[in-house]
Structures are given as structure tokens and as C-alpha cells.
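Colleague: Let me begin by handing over the structure; questions about it come next.
A short reminder: the numbers here are calculations on the coordinates, not readings from a lab. Computed from a predicted structure; not experimentally measured. Cβ: placed from backbone, ideal geometry, glycine included. Neighbour counts: every protein chain shown.
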Amino acid sequence: MSRRPNVLFITCDQWRGDCLSAAGHPVVRTPNADALAREGTLFARHYAGAAPCSPARACIYTGRYQMTNRVCRNGSPLDARFGNVALAARALGYDPTLFGYTDVSPDPRAHAPGDPVLTSYEGVLPGFTVRQLLPEHQKPWLSWLRAQGVHAPPFPDVHRPVRSAGEVSSAPPIYTRRQTPAAFLVAEFTRWLGEQDAARPWFAHLSFISPHPPYIAPEPFNTMYDPDDGPDFRRAGRWQDECATHPWLADHLERQKRSKFIPGAKGRLRGWTEKEFRTIRAIYYGMISEIDDKLGQLWSTLRRSGAWEDTVVVLTSDHGEMMGDHFMLGKGGYFDGSYHVPLVIRVPGATGSRRVDAFTEAVDIKPTLIDLMGGTPPAWLDGRSLAPLLGRSVEGWRDCAHWEFDFRALGKPEGRLGLSPRDSSLAVIRSDTFKYVHFGGGLPPLLFDMAQDPGELRNLAGDPTYRLERLALAEKMLAWRSAHLDQTLAFIELTETGPRGPAWPAA
């Protein structure tokens, strides 16, 4: 190409990394994501940096781990001093344009106390031009539905199955496959694409909320999968046995409510039956297939417009989904299901498909996009550009993945587990063979043999036989944290001739 590429950066919400047929899932069918992988690179062991949405996206957008960006929960402000992928794109001559949401809470120090922007965690990442905002209330989509004659109640009731009263049901919603929130965003992107100057590269960020709950899918996706199909859940025989494994898990299972996932449902989630969990999982698979259907529309639109051969496509998710494992739904904690997510990157001119089994992380997305847009990633980012991995193996790549989870309870002198907010966190290091989880506040650690126990059911941290493995991983985690302290100014030195080091400031 004679000019910089277009960029289509797609994030989904809560898409598990194993729920991709290109990755070998025995049930889920994702032909359009698979088609992208056939023309690009599938990163088979890609992991989110944090959970839930705001912390996960902060890692993606800033290229920095949670320990540095300090977005600890939905509503934690993103410090204005940190750059992000949108500002980086803008510095390279792009006008990055948003379709969907970014879940970024602005730095309150940059706003007047009464500014309405400080009343929601669903702010827009600085640097983005907003073409179509679609926050959780989904009001723009609801008005679009009503304009088509659909009597749409407010969120979340619009996502209730027809003929259902809060129970688990595969019945469809009142809207069709052509009227989903994803269909709405694809239509808006298509209109916008038709307005672009072919001589000027564009950057579009499509941020889909699916397959995030409420769990519901329109026809035919609602019955595409049989609840009896699919792998066994990774969990102990009873939820009480799960509670006995760790204080955090016991507290979490106590608090998970069904209504968060199925509007109108009553009671605690852990009490759902095997059949109900399997029905929910079949709906979740259908939600993934519905998103994949919209991906196919995007690929066709790009080809018809003539933009396909000039466009970098990045497809990923902010975090994963437990989907019945360990009697949990949603995300959080330390299990792989919450953090293993899809990543497919396709660059113009690539021939053939490639699968990368090296560990990659959410913080790698920003430097990768900067690299593919023709820029130089700042030296102080925590992530590394994946561009070299698109065509060959790279010596000295990381041999493990890392993530963090902050479970603080704000507004209380002590959290639910008797911990202060500073102590209410965990960090994970996960290698080919072992996984070590370190908690703050004196909570006991966890150690899993991932080769022998991929379901993470047996904690070996107290077993003297594994003392050396636990110690080695704890030391490696300490070295990781030491290496990734905030490096923004650490690479700069003031000398007689002025500042020396990487260009500053930078996005």
C-alpha cells in the first residue's frame, strides 16, 4: 500500500476465548470470525488484563496494566495523564471514530464538580469522535426500534424473552436478528463508511455489547444450539464444595444474583439446575453466533466498498465469561474463563492463516495498532507490539500471561471480607504448566497445575510437594510487577543539552 491503512478495531463484550470454532470449540460455530482468521492471525492464548468492563478496557486502550492505570472498577476515573489508543491514532493523522461505547470514567479533576459527565462511568475515551454512542441504557437503539414500529420497553426489560416471567427460557425477544443492537451499529457504520474519502485512511472502533447479559438471542440464534451439547462444566460436584476452596469464591457465590443475568429472575445464581445452566449456555452460544453474523455483514460491506484490501482488522473482547464453570456467570476473580478472550488480527496483503500459541495480553493491543498505523509505540507502555508475530516467531517473547482483579467495596471502612480497599485485590501469573494467584490482605494464595487440572479444581498452594513451583511463580510475579512500574518519565533524563530519551509527551 502507498498510504497508511484503514483500521477497523472491533471489541465485543464478554466473549470467551474458547468459544470460537477456529480455536477448536466442539459446538460453537463462528464462520465469519473463522474467515478473518484464515486471512490473518489467530492468537490462541490471548488474555484480558482485568475485569469488569472499565478495568478491562483501560488495559486495552492505554496499553498499561491495572497496577499502573489504576482503573479498579466500573466508575474508577482514568487518570488524564495517561495516553490512549485514540489519542495515538489522532497524533498519526487519523480521526478515530466510535460506534458503541468505551466505558471510560473521565478524570474528575479536569471537570467542574457539577459537570454531568461525572455522573456516569460510561464516558467516552478522550480522542474519539463519536458517530454513534450506545451506552448500557441503549436509548438510541430503542428509539431506532420504535421508529420501526417495535413497542420497545426500556432496558433491561426490552431483553426479556416473550412469554417469560423471569425464568430461564430460550424464547426470543420482541426484536428480530435485523434489529439487534449489533445490527444497529453495523448499519450506522455502513452509512459512515459511504461518507469517507477513499484517499484518506480512516479509523473506526466498533464496540459491540454482545454477548454480554441479559442472555437472550433472536431467532434463529435462540435455538441454534442444543442445551445438551457442549463440554462438561468445569466445577466441583456441589457449589458448597466450591465455596470451601477459597474465602473470595465463597463470598462471590453468595452475592451472585440471577436478576443480573435474566431480567426478573429471583434468587441466587448458584441454585440454578444443570439444565438451567445448560440452557443459558446454549443462549450464550447463540448470542456469539448472532455477533458473528454481523461480522459477516461487515466483511461484505468492506469488500463492496473497495476498502477490504486497505484495512487492518482487529477483533477481540474486553474480557471473558464464566458461563457455568464453578457455578458462576459473568466475569471476575481468577479463573481462565473470565480472562481468556479471542484475538484475530488481519493486515492487508497477508497471505494464508497463522496461529500463534505464545501468550499475548490486552496491553499489547495499543502498541500493535500504533505499529500497524505506521507509528512507534512509546517505550513506557506495558504491552508489546504483536506485529512481528503476524509473520514469524519472535525470540524472547513472554512465557506466561498476567492479569489483575480488584474487588474493593468502596464506601465502607472494611470490605465484605474484612479487607480495606487497598488490600482487596489479586494478581495472577499463568504459565503453560502452573497458575499462581496472589491475594492482598492476607487471604490465602492459590496454585493450580494447569497441565493436570485445567478446570482449576485442586489448590496446591499448601502442598509441600509444590513449594518450589509456588516460590518460583511468586518471585516471577514480583519481578513482573517491578518491571512494569510506571515508566512514563523513567526513560527521560535531563541533561546539559536538554531532555534525552524517547519523545515526550506521547499518547
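Colleague: Based on the mean of other beta carbon atoms within 10 Å per residue, what is the order of 295-303, 270-278, 336-344, 475-483, most packed first? Present the calculation step by step, with values, prior to reporting the outcome.
Modeller: On the way: 295-303: 18.0, 270-278: 15.8, 336-344: 26.0, 475-483: 13.1.
Those peptides, ordered most packed to least, come out 336-344, 295-303, 270-278, 475-483.
Colleague: Taking neighbour Cβ counts within 10 Å as the exposure measure, how do C19, C243 sort from fewest upward? Intermediate values should be presented prior to the final figure.
Modeller: Details: C19 28, C243 18.
Ordered from fewest to most neighbouring Cβ atoms within 10 Å, C19, C243 come out as C243, C19.
Colleague: Excluding same-chain pairs closer than 8 in sequence, count the lysine pairs in segment 6-428 whose Cα atoms lie under 22 Å apart.
Modeller: Lysine pair count for segment 6-428: 11.
Colleague: Can you check what the Kirkwood hydrodynamic radius comes to for the chain, Cα pairs only, in Å to one decimal? Don't jump to the answer; show the numbers that get you there.
Modeller: Values: mean 1/r = 0.0425 Å⁻¹.
When all Cα pairs of the chain are included, the Kirkwood radius is 23.5 Å.
Colleague: Continuing with this model, one more query. By counting other Cβ atoms within 10 Å of each Cβ, how are L87, L410 ranked from fewest to most? Provide the component values of the computation, followed by the final result.
Modeller: Numbers: L87 20, L410 11.
Ordered by Cβ neighbours within 10 Å, fewest first: L410, L87.
Colleague: So, one more: Which shape class applies to segment 395-507: rounded if a/c is under 1.5, otherwise prolate when a/b exceeds b/c and oblate if not, where a ≥ b ≥ c are the square roots of the Cα gyration tensor eigenvalues?
Modeller: Values: a/c = 2.93, a/b = 1.50, b/c = 1.95.
It comes out oblate by the Cα gyration axes.
Colleague: Please report how far the C-alpha centroid of segment 161-227 lies from that of segment 382-418, rounded to the nearest whole angstrom.
Modeller: 29
Colleague: Additional query: Mean residue ellipticity at 222 nm from the helices of the chain, using -39,500 (n - 2.57) per DSSP H segment of n ≥ 4 over the full residue count, to the nearest 500 deg cm²/dmol?
Modeller: So the helix-based figure for the chain works out to -7500 deg cm²/dmol.
Colleague: To the nearest Å, what is the center-to-center distance of segment 327-377 and segment 248-286, using C-alpha atoms only?
Modeller: 28
Colleague: Taking the Cα centre of the chain as origin and charging only Cβ (+1 Lys, Arg; -1 Asp, Glu), how large is the dipole, in debye to the nearest 20? Provide the component values of the computation, followed by the final result.
Modeller: Working: 58 positive and 57 negative charges, 147 e Å.
Value, rounded to 20: 700 debye.
Colleague: What is the ratio of the Cα radius of gyration of segment 206-282 to 2.2 N^0.38 Å, where N is its residue count, to two decimals?
Modeller: Numbers: Rg = 14.3 Å, N = 77, 2.2 N^0.38 = 11.5 Å.
Taking N as the residue count of segment 206-282, the ratio is 1.25.
Colleague: Check cross-link reach from K476 to the lysines: straight Cα distance under 21 Å, and skip same-chain residues fewer than eight apart.
Modeller: K435
Colleague: Convert each backbone phi in segment 278-292 into a coupling constant with the Karplus relation 6.51 cos²θ - 1.76 cosθ + 1.60 (shift: θ = phi - 60°), then list the ³J(HN,Hα) values in order as whole Hz, x for Gly and Pro.
Modeller: 5, 5, 4, 5, 5, 5, 4, 4, x, 5, 5, 5, 5, 5, 4
Colleague: Which distance in Å, rounded to a whole number, links the C-alpha centroids of segment 128-156 and segment 458-507?
Modeller: Going from one Cα centre to the other spans 43 Å.
Colleague: Can I ask one more? In what sequence do S210, S424 fall when counting other Cβ within 10 Å, fewest first?
Modeller: Numbers: S210 21, S424 24.
Ranking S210, S424 by Cβ neighbours within 10 Å, fewest first, gives S210, S424.
Colleague: Also, I was wondering about something else. Taking a quarter of the surface of the convex hull around the Cα atoms of segment 11-79, what do you get in nm²? Numbers along the way, then the final one.
Modeller: Numbers: hull surface 20.9 nm².
One quarter of the hull surface, i.e. the mean projection, equals 5.2 nm².
Colleague: Something else about it: With an 8 Å cut-off on Cα pairs and a minimum separation of 6 or more residues, tell me the relative contact order of segment 6-428 in percent.
Modeller: Numbers: 907 pairs, mean separation 119.6, N = 423.
Here the relative contact order equals 28 percent.
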